[in-house]
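To start, the structure itself, in structure tokens.
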Amino acid sequence: YLGFLVALASLPLGSCTRHDPLDERALHLSLPARIKSLDPIQGNDLYSIIQSSYAYEPLLEYDYLKRPYTLVPRLLTAMPEVRGRGTIYTFHLRADARFADDPCFPEGKGRAISSADLIYSWRRLADPKNAAAGWWVLDGKIPGLNEWRSQTLKSGKADYSKPVRGLYARDERTLVVELAKPSPLFLYSLAILPTAVVAREAVEHYGPEFGQHTVGTGPYRLAENAGGSK
């Protein structure tokens with residue numbers, strides 16, 4: 001037994017250590033499950049939501065230092081203006097909110113977000129061909145959106161140019177949303193991942209592979225996606 005321990009201690013340590021030096025500036029994290037999709041409307045498991053949230057942002061977020069929990073602007077200059085007894089919301093987008101640089105944009109340079117991007121993103125959430133896991137967030141809330149979804153289902157083709165009664169872009173950075181009826185939960189739905197803004201250029205550029213990329217407004221972008229292993 002003693003001889004075995006001596007022999008074990010004499011084995012070269014290099015066989016059990018990493019040969020390439022660790023970059024002290026890099027943070028290495030592990031996940032207990034594969035990421036199903038990085039598409040914000042498809043994130044229905046904890047780990048996909050966490051990873052997608054590094055890159056994609058909804059309009060609002062929580063101030064986690066306040067109790068009770070309080071919503072604060074994220075992509076907005078201020079909290080939305082509310083009129084019509086709680087049915088009409090006006091959102092003013094930040095001028096400095098931009099999509100990350102990506103090959104889907106001209107010369108690879110990201111651009112500022114617009115109210116049209118929000119309308120596109122929420123239509124995409126409603127588009128039945130996407131089978132969005134997060135559709136429940138807006139289901140039945142915005143006049144015309146469910147009708148547009150039903151017409152798309154019947155025709156088999158989504159017409160993104162057709163107006164939706166409850167969504168109106170007043171200008172490049174002003175979005176007006178009209179609700180079918182007052183909803184105390186509506187603003188809270190704008191603080192979760194399915195309502196995050198995406199770029200149409202990215203969706204069309206990557207097609208079925210969009211869920212393997214990130215082109216968002218958040219502080220991070222995906223540099224490499226090695227098939228679920230890294």
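The distance linking region 94-141 with region 156-230 is 3 Å (Cα centroid to Cα centroid, whole angstrom).
Size of region 94-230 from its Cα atoms: along the principal axes, largest to smallest, the extents are 43, 34, 27 Å. Gaussian network model of the chain, Cα springs within a sub-10 Å range: biggest mean-square fluctuation belongs to which of Tyr120, Tyr54, Tyr64? With Cα springs under 10 Å in the chain, the top fluctuation among Tyr120, Tyr54, Tyr64 is at Tyr64. Summarising the amide proton neighbourhood of Phe105: residues at separation of 5 or more, or on other chains, whose placed amide H is nearer than 5 Å comprise an empty set. For region 44-60, backbone phi angles converted through the Karplus equation (6.51, -1.76, 1.60; θ = phi - 60°) give residue-by-residue couplings of 10, 10, 4, 6, 5, 5, 4, 5, 5, 5, 5, 10, 10, 10, x, 5, 10 Hz, Gly and Pro being listed as x. Over region 23-110, accessible surface divided per residue gives 63 Å², non-protein components excluded, 1.4 Å probe.
If you keep only loop residues by DSSP, which trypsin sites (Lys or Arg not before Pro) in region 109-180 have at most 11 other Cβ atoms within 10 Å of their Cβ?
Details: sites: Lys109, Arg111, Arg123, Arg124, Lys129, Lys141, Arg149, Lys154, Lys157, Arg165, Arg170, Arg173; in loops: Lys109, Arg111, Lys141, Lys157, Arg165, Arg173.
Within region 109-180, the qualifying trypsin sites (Lys or Arg not before Pro) (loop, at most 11 other Cβ atoms within 10 Å) are Lys109, Lys157.
Note on region 59-114: Rg/Rh from C-alpha atoms, Kirkwood Rh, equals 1.13.
What's the whole-number percent of alpha carbon pairs in the chain lying beyond 27 angstrom?
Values: 11074 of 26335 pairs.
The calculated P(r) of the chain puts 42 percent of pairs beyond 27 Å.
Here r is the Cβ-Cβ distance between Glu204 and Arg34 and R0 is 22 Å; the resulting FRET efficiency, rounded to 0.05, is 0.25. Couplings 3J(HN,Hα) of region 193-208, computed from phi: 4, x, 8, 4, 7, 10, 9, 4, 4, 5, 4, 6, 5, 8, x, x Hz, in residue order, whole Hz [Karplus 6.51 cos²θ - 1.76 cosθ + 1.60, θ = phi - 60°; x for Gly and Pro]. Of Glu209, Glu147, Glu24, which has the largest mean-square fluctuation in a 10 Å C-alpha GNM of the chain? Looking only at Glu209, Glu147, Glu24, the largest GNM fluctuation is found for Glu24. Using a Gaussian network model of the chain whose springs link C-alpha atoms within less than 10 Å, name the residue from His213, His205, His92 with the highest mean-square fluctuation. Highest fluctuation of the listed residues: His205.
Could you pull out the pairs from Lys141/Lys162; Lys66/Lys141; Lys154/Lys181; Lys36/Lys230 whose alpha carbons sit more than 20 Å apart here? From Lys141/Lys162; Lys66/Lys141; Lys154/Lys181; Lys36/Lys230, over 20 Å: Lys66/Lys141; Lys154/Lys181. Mean sequence separation of contacting Cα pairs (under 8 Å, at least six apart), scaled by the length of the chain, corresponds to a relative contact order of 28 percent.
The values are calculated or read from the model by the stated rules, or taken from the named source; none is laboratory data. Small disclaimer: the values here were computed from a predicted structure and weren't measured. As a convention, Cβ positions derive from the backbone with ideal geometry for all residues, glycine included, and neighbour counts pool all protein chains shown. Accessible surface areas use protein heavy atoms only, side chains included; no ligands, DNA or RNA. Shrake-Rupley method; radii C 1.70, N 1.55, O 1.52, S 1.80 Å.
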